[in-house]
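Visitor: Sharing a structure below in structure tokens format, with a few things to ask.
The values are calculated or read from the model by the stated rules, or taken from the named source; none is laboratory data. From a predicted model like this one, the values you see are computed outputs, not experimental measurements. Here the Cβ is made from the backbone with ideal geometry for all residues, glycine too, and neighbour counts use every protein chain on show. Just the protein is used for accessible areas: all its heavy atoms, side chains included, with ligands, DNA and RNA removed. Shrake-Rupley method; radii C 1.70, N 1.55, O 1.52, S 1.80 Å.
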Amino acid sequence: MSSANVVELSADDMIGKSRGKKSKRRLDSALGTIEHEWNTQTKSKKVRRKSKMRQEPEENIVSVASSTIQNDSSALDQGPSPVDESSPSIPAFGPAPICRQFWKAGNYDMGEGSKTQHQKGANHLHVHPMFLHSNATSHKWAFGAIAELLDNAVDEVRNGATSVVVDKTTNPRDGSPALLIQDDGGGMDPKTIRRCMSFGFSDKKTKCSIGQYGNGFKTSSMRLGADVIVFARRLKKRTVSQSVGLLSYTFLRQSGHDRIVVPLLDYEFNPSTEKLGPIFSYGKEHFSSNLSVLLQWSPYSTEEMLLKQFDDIGHHGTKIVIYNLWLNDNGDMELDLNFDVEDIRVNADSKLLQAGSLKTSASDHHIANLYPFSLRVYSSFLYLRLPQEFKIILRGRVVEHHNIADDIKFPEFILYKPHGQSKEAAVVTTIGFLKDAPRMKFHGFNVYHKNSLILPFWRVKHATNNTARGVVGEY
């Protein structure tokens, strides 16, 4: 396969350097690699925080390939990295086998950067494939990654989404299990899917949107599996388009790329012929090259199989298939798709699983004990409230919404005013005793931000005695 026509993640300073009317940006090849370390710690009052199991790490190490910089501006000040149509550099290191254990999959040596010549002295930022893994380590907990993808589906309510489906599916190439997440929202057109699969872009401008920083899809999908393929259909101004994109850590590693490239295909329905046809935005050769990558590295070995995946999407929507799912440190599947046919579990400590299934005491079968390893339990209180017409469908059964406040007896309602914040930041909190208190060993607050749970059963009081036992709150 020729690598000259693969879609690439690049810096947005190349806007306007076109190869045609529909072309967007042209990249130069890299001359070397640099490492940049930045602090992603943010002010908790200003931006969305994750729960203790979903929180962002304070630092990430980012490896990028950069061309020679001929002025004083920093390459990292050029803005987000969009998907672009251009040539990846010559591989700087040989194919590397993928370790299937997530926390070890980022361990490999980097060679020297490729030595191709830059053009016109422009500054370029190329994101190295190892960033896909290091970026995903922000999710210590697999369910936190799934929650990010559910957030994206819930945000699609404004575009008409009525449900999101989370289910087990099968990789037809080798029969291995894969994770399916599909919603019936507005879908994505060719431009939008490129933004989705880039870093730093977000089309979510409303205040009620949960995710707004353009990073959630990449971190969450790469945390769950080494590879993800996205199918999106969009109906816009009576024009139906559909796109396929592949973000594959396996492809990038084993083909020796020193930058992230994302093969994409676009199709459009022609109302005059009533047929679906490819969009050759960058020429037939480019389309053919991307198609060959998809057929080689995705679960679908023919174009017919690829297009077949749109059959259950409807007029608009998005389907995500995450495959080559990660293993835990013991070599077992991190997501247990077999323990319960109506649930997805985290392969946790056997004693924890036993307590959750045997329900030996009130504490053992309480939601606070079950949510760390049961997606059905966790997603039941992931949102403070859901639109009445919207459903989360897990393994073929609707998740019943659970309001923690309904479990409280002797409730009190307290107006909480954060120090140094405006009056608009004040929120009403609900606090009281669990119905089974004092037999319950749990206590803490469930903290929601923009309707989404960010801190489950956060222990504001670390008591060595039983003074806080059974006391919970919600805000």
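Yes/no matrix, rows are residues, columns are (1) buried (at least 17 other Cβ atoms within 10 Å of the Cβ); (2) out of contact with any Phe, Trp or Tyr (no Cβ under 8 Å at 6 or more places or on another chain); (3) modelled with pLDDT of 95 or more:
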{"residue": "LEU149", "(1), (2), (3)": "yes, no, yes"}
{"residue": "VAL166", "(1), (2), (3)": "yes, yes, yes"}
{"residue": "SER176", "(1), (2), (3)": "no, no, yes"}
{"residue": "GLY187", "(1), (2), (3)": "yes, yes, yes"}
{"residue": "THR192", "(1), (2), (3)": "yes, yes, no"}
{"residue": "ILE210", "(1), (2), (3)": "yes, yes, no"}
{"residue": "ASP227", "(1), (2), (3)": "yes, no, yes"}
{"residue": "LYS237", "(1), (2), (3)": "no, yes, no"}
{"residue": "SER241", "(1), (2), (3)": "yes, no, yes"}
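Visitor: Which residues, taken from segment 392-406, are farther than 21 Å from VAL472 by Cα and crowded, with 16+ Cβ neighbours inside 10 Å?
Guide: Answer for segment 392-406, where residues must be farther than 21 Å from VAL472 by Cα and crowded, with 16+ Cβ neighbours inside 10 Å: ILE392, LEU394, ARG395, VAL399.
Visitor: Here is a further query. Give me the residue from segment 261-279 that is over 15 Å from GLY187 (Cβ atoms) and either of a type in the set (Val, Ile, Thr) or out of contact with any Phe, Trp or Tyr (no Cβ under 9 Å at 6 or more places or on another chain) (or both) and, out of that set, most open to solvent (accessible area, probe 1.4 Å).
Guide: GLU274
Visitor: What is the number of the single condition among (1) modelled with pLDDT of 90 or more; (2) crowded, with 22+ Cβ neighbours inside 10 Å; (3) in contact with a Ser or Thr (Cβ under 9 Å, 6 or more places away or on another chain); (4) not hydroxyl-bearing (Ser, Thr, Tyr) that ARG158 does not meet?
Guide: For ARG158, the exception is condition (2).
Visitor: Tell me, please, whether a residue that is open to solvent by less than 30 Å² (accessible area, probe 1.4 Å) and either among the β-branched types (Val, Ile, Thr) or touching a Ser or Thr at 6+ places or on another chain (Cβ under 8 Å) (or both) can be found in segment 410-427.
Guide: Scanning segment 410-427 turns up no residue that is open to solvent by less than 30 Å² (accessible area, probe 1.4 Å) and either among the β-branched types (Val, Ile, Thr) or touching a Ser or Thr at 6+ places or on another chain (Cβ under 8 Å) (or both).
Visitor: Is there a residue in segment 99-106 that is more than 20 Å from the chain's Cα centre (by Cα), at pLDDT below 95 and under 16 Å from HIS257 (Cβ atoms)?
Guide: No, segment 99-106 has no match at all.
Visitor: Kindly list, by first and then second residue, each pair from a residue in segment 367-379 that is without any contact (Cβ under 8 Å) to a residue 12 or more places away in the chain and closer than 15 Å to VAL165 by Cα to a residue that is crowded, with 23+ Cβ neighbours inside 10 Å and of a type in the set (Gly, Ala, Ser), limited to pairs with Cβ atoms under 6 Å and residues at least 6 apart or on different chains.
Guide: Going by the 6 Å Cβ cut-off, there are no qualifying pairs.
Visitor: Here's another thing I want to ask about it. Collect the residues in segment 370-385 that are among the hydrophobic types (A, V, I, L, M, F, W, C), in a loop (DSSP other than H, G, I, E, B) and open to solvent by less than 30 Å² (accessible area, probe 1.4 Å), keeping them in residue-number order.
Guide: Answer for segment 370-385, where residues must be among the hydrophobic types (A, V, I, L, M, F, W, C), in a loop (DSSP other than H, G, I, E, B) and open to solvent by less than 30 Å² (accessible area, probe 1.4 Å): PHE373, PHE381, LEU382.
Visitor: Output the number of residues of segment 428-462 satisfying the condition of being over 21 Å from HIS365 (Cα atoms) and surrounded by 14 or more Cβ atoms within 10 Å (Cβ to Cβ). Step through it out loud before you land on a result.
Guide: Within segment 428-462, the subset over 21 Å from HIS365 (Cα atoms) is 428-431, 447-452, 454, 460-462.
Now drop any that are not surrounded by 14 or more Cβ atoms within 10 Å (Cβ to Cβ), which leaves 429-431, 447-452, 454.
The number of residues fulfilling the criteria is 10.
Visitor: Please enumerate the residues belonging to segment 144-173 that are hydroxyl-bearing (Ser, Thr, Tyr) and part of a loop (DSSP other than H, G, I, E, B).
Guide: Pass one, segment 144-173, residues hydroxyl-bearing (Ser, Thr, Tyr): 162-163, 169-170.
THR162 - this is the single residue of segment 144-173 that is hydroxyl-bearing (Ser, Thr, Tyr) and part of a loop (DSSP other than H, G, I, E, B).
Visitor: Further question on the same structure: Six or more apart or on different chains, Cβ under 8 Å: which pairs go from a residue in segment 415-432 that's closer than 16 Å to HIS449 by Cβ to one that's open to solvent by 90 Å² or more (accessible area, probe 1.4 Å) and among the basic types (Lys, Arg)? Could you list them?
Guide: If the second residue must be open to solvent by 90 Å² or more (accessible area, probe 1.4 Å) and among the basic types (Lys, Arg), the pairs left are PRO418/LYS45; GLN421/LYS45; ALA425/LYS45; ALA425/LYS417; ALA426/LYS417.
Visitor: LYS351 passes all but one of (1) open to solvent by less than 50 Å² (accessible area, probe 1.4 Å); (2) more than 24 Å from GLY106 (Cβ to Cβ); (3) at pLDDT below 95; which number fails?
Guide: It is condition (1) that LYS351 fails.
Visitor: Can you name every residue in segment 212-225 that is at pLDDT below 95 and either of a type in the set (S, T, N, Q) or open to solvent by 10 Å² or more (accessible area, probe 1.4 Å) (or both)? Explain how you work it out, then say what you get.
Guide: First, the residues of segment 212-225 that are at pLDDT below 95: 212-219.
GLN212, TYR213, GLY214, ASN215, GLY216, PHE217, THR219, listed by residue number.
Visitor: Test of understanding: among GLN388, GLN421, which residue is of a type outside the set (D, E, K, R), under 30 Å from LYS168 (Cβ atoms) and in a loop (DSSP other than H, G, I, E, B)?
Guide: That would be GLN388, the only listed residue that is of a type outside the set (D, E, K, R), under 30 Å from LYS168 (Cβ atoms) and in a loop (DSSP other than H, G, I, E, B).
Visitor: I would also like to ask the following. Cβ-Cβ below 7 Å, separation at least six or inter-chain, first residue in segment 290-319 and under 20 Å from CYS196 (Cα atoms) and in a loop (DSSP other than H, G, I, E, B), second open to solvent by less than 60 Å² (accessible area, probe 1.4 Å) and polar (S, T, N, Q): which pairs?
Guide: Going by the 7 Å Cβ cut-off, the qualifying pairs are PHE310/GLN242.
Visitor: Only one of (1) surrounded by 19 or more Cβ atoms within 10 Å (Cβ to Cβ); (2) in contact with a Phe, Trp or Tyr (Cβ under 9 Å, 6 or more places away or on another chain); (3) assigned to a strand (DSSP E or B) is not met by TYR323, so which one is it?
Guide: (2)
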